[in-house]
Amino acid sequence: MSPASSRRRTWPLSLAAREGHATARTGRWTSAIVVIATTWLIAAPAIADALGVTRLMEAEQDWIDAGGHVYVVTGATVDGDQLPIPTSVCESLASYDGVEASFALERSGATGALASVPGGRASVYSATSGSLPFLGVDGDPRGIAILSTGFSERTGVLDDETIEVIRQATDSTPSARTGLVSSRVADTAPMGDEFDGALLVPSLLGDTADVCYVATDAARHQAVGDILPGALAYDGRSAVAADRLYSNEFTVDYATAYEDRPLRWLWIASALALGLMWALVQWFRRSHTAIYATFGVRTPARLTMQFSEWALLALAGAAAGWALGITGALALGARTNPALTIVSAHTALTLVGATLIVITVALKPTGTLLNALKDR
Amino acid sequence: MRLTAREISFTYPSGDHEVLSQVTFDIPDGASAAIIGPSGSGKTTLLSLMGHLLPLQSGSIQAVDAEGAEHSLADTASWVLQTVSLLPDRSAADNVMIGAYSDGASRADARARARDYLAQVGLAGREDEPARILSGGEAQRVAIARAMASHRPIILADEPTGQLDATTSASVLEAMIGAHGQRTVVIVTHDPAVAQRCDLVLELRDGRIVGHSGARV
Ligand SMILES: Nc1ncnc2c1ncn2[C@@H]1O[C@H](COP(=O)(O)OP(=O)(O)O)[C@@H](O)[C@H]1O
Ligand SMILES: [Mg+2]
């Protein structure tokens, strides 16, 4: 041994990193608490948020199923009479961006029944073929008739049965039969409650029809609504586009509700809690930091040491938090898609936020070494 | 390294009186010096100022090498505190290795030094025990081994043998002081036997040097 060294020596950063890892591995309760806290502070808010978003999506789906994002367009009212809308324009709207389906309908429903089902009387409406995608029905428009769920329940006629619709004569139209067609049961709620129990026969309507139904996507609902009066104008008079569902200030705007959900900011609280906990750990350990300082650990090495300890513990906690968050959210009924993205986002944001605090805490100067070494 | 202290005065920011006044002394290269004095006379404060554990307010403390060049004690001195100052969850060897790392030792070299110096303070075979399960006296010996493992030319020790029995104290002291000229050692002590063993004795009273004896160098 030759105690001759007097030159200023600092720890290589690789040594500091190794020392930080050793501290993490031997840290017992401290390390366990940091890992467990990281796990839960990531998983719990992420699960809550994923469930909240799932609930929002389900509510939005229910709303769409009930006719949200649907316009009912009729002609202007002139001298007490309602003008019609142009059938072909209505039917062609479906090819526009933002329009998911559209069809024209003749409102004056005749009464009708099925040839094979005695007593199954119902209103029968004629609608253009766009009613198939609108109601989620497939098949050849010429070979089917659409039964509302109410009608199906009343008569016991199910999907894909061979039926024939007989339309009774009215003052203006003679009695008519569809010939043999295949039944399609569909939920007509998006069109309106008054259609429950009715029959819909895809037909070629004349040049004009009474009403045009337009289903839009959520993002472009407003934009589509703005062009409908002009697009469906008749005789130079703008049409009237009304939301199928009455909306008022209490109606949930799902895009805004998603943006504004408070749970999405919970990672800030988690990051603060983790950062605070880390600051506390460092405060309890200030004597350890002072020991290293008197043995040549200067700021860059100290930062490296604390950061590598934090990184090891936080990454372990974050991995566990991510896994727990996803399994927890799925087990509690969250949908896979928001669960994956939301839990991952919470994990990443909490980790980054807490790490920034950890670095800030590490940069904070400590008091005199003697004080740090004495009070322990 | 020769140690020179010039006109050191110190008042704790929170304190009301001067703890050290105009303290001046020299310790020759390779000598061992005992600082004695009643409790509260400023011994720990003086040692802490020398070890840069407290910021100096006035005066100067320097280490001077054989060529006359001056060095800061922050880089040339290791200390052994009155209170136990080990990393409790790390092994005895890991604690000693921290001293060796401050000297730029490799991992293998640091391990070897830990084994060597732990043996010198009577802790052979205890390398892998976590510091938290060591007794007070054992922990203090680990701190002494750590200071020696740093290979710094100066050791500053505050009551290093306070918790040791006479026999252990004597052997640890021998290890620390080492062969003459090997390192400069400053020891704060209450123990007359320790002071006896040192090359010179500085007596502190109310923050002043009142006695300076036995310069056997
Ligand atoms: N952190 C401190 N703040 C204020 N006064 C202190 C502090 N530490 C020690 N003192 C005071 O300084 C004086 C010298 O203390 P110290 O150097 O510890 O003496 P010794 O080691 O000789 O017993 C005492 O009066 C003590 O009360
Ligand atoms: Mg003291």
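The values are calculated or read from the model by the stated rules, or taken from the named source; none is laboratory data. Treat the numbers as computed from the prediction; the structure is a model and nothing was measured. Cβ coordinates were reconstructed from backbone atoms using ideal geometry, including for glycine residues, and neighbour counts include every protein chain displayed. Quick note on the areas: whole protein, heavy atoms, side chains included, nothing else; ligands and nucleic acids left out. Shrake-Rupley method; radii C 1.70, N 1.55, O 1.52, S 1.80 Å.
Worth pointing out:
- 5 angstrom amide H check on B:I35, placed H, neighbours 5+ away: B:I187, B:V188, B:T189, B:L202
- At least 18 Å along the helix axis (C-alpha) and Kyte average at least 0.0, DSSP helices within chain A: A:28-65, A:266-284, A:299-331, A:336-363
- Rg then Dmax, both in Å and based on the Cα atoms of region B:2-213: 16.7, 49.
- Rounded to the nearest 5, the antiparallel percentage of DSSP beta bridges internal to the protein assembly as shown is 70%.
- Accessible surface of region A:70-244 [probe 1.4 Å, protein heavy atoms]: carbon and sulfur percent: 47
- Calculated FRET efficiency for the pair B:R6/B:A108, C-beta based, R₀ 45 Å, to 0.05: 0.60
- Expected 222 nm ellipticity per residue - DSSP helices of 4 or more, -39500 (n - 2.57), all of chain B, to 500: -9000 deg cm²/dmol
- For the pair B and A, the buried accessible area comes to roughly 3100 Å² in total, with a 1.4 Å probe and the value rounded to the nearest 100.
- Computed from point charges on the beta carbon alone (+1 for Lys and Arg, -1 for Asp and Glu), the dipole magnitude for the protein assembly as shown about its Cα centre is near 3720 Debye.
- Share of carbon and sulfur in the accessible area of region B:79-137 stands at 48%, probe radius 1.4 Å.
- For the protein assembly as shown, Cys with no neighbouring Cys Cβ under 4.7 Å: B:C198
- Distribution of pairwise C-alpha distances over chain A, 10 Å bins, in %: 5, 18, 18, 14, 11, 10, 9, 8, 5, 2, 1, 0
- Among beta bridges identified by DSSP and lying wholly in region B:2-213, the antiparallel ones come to about 55 percent.
- Residues along region B:145-191 losing 50 Å² or more of accessible surface when the other protein chains are present rather than the chain by itself (probe 1.4 Å): B:H151, B:Q182
- Surrounding net charge for A:H346, when Lys and Arg each add one and Asp and Glu each subtract one, Cβ distance under 11 Å: 0
- Derived value for region B:67-191: Kirkwood hydrodynamic radius 14.4 Å. Basis is the mean of 1/r over every pair of different alpha-carbon atoms.
- Mean Cβ neighbour count within 10 Å, used as a protection proxy, ranking A:78-86, B:66-74, B:166-174 highest first: B:166-174, A:78-86, B:66-74
- Put simply, when A:152-165, A:197-210 are sorted by average Cβ atoms within 10 angstrom per residue, most first, you get A:197-210, A:152-165.
- Cβ-based net charge around A:A271, under 15 Å, with every Lys or Arg adding one and every Asp or Glu removing one: 0
- Formal net charge of residues neighbouring A:S152 (Cβ-Cβ distance under 14 Å; K, R +1; D, E -1): -4
- Remark on A:E100: its backbone amide H falls under 5 Å from those of A:A215, A:T216, A:D217, a criterion applied only to residues 5 or more positions apart or on other chains, H modelled at 1.01 Å from N.
- Simple label model, 7 Å out from Cα along Cβ direction - A:N337 to B:R205, nm: 8.8
- Taking a ≥ b ≥ c as the square roots of the eigenvalues of the Cα gyration tensor, region A:257-311 is prolate, since a/c reaches 1.5 or more and a/b is larger than b/c.
- Taking the DSSP beta bridges with both ends in region A:70-244, the antiparallel portion is around 80 percent.
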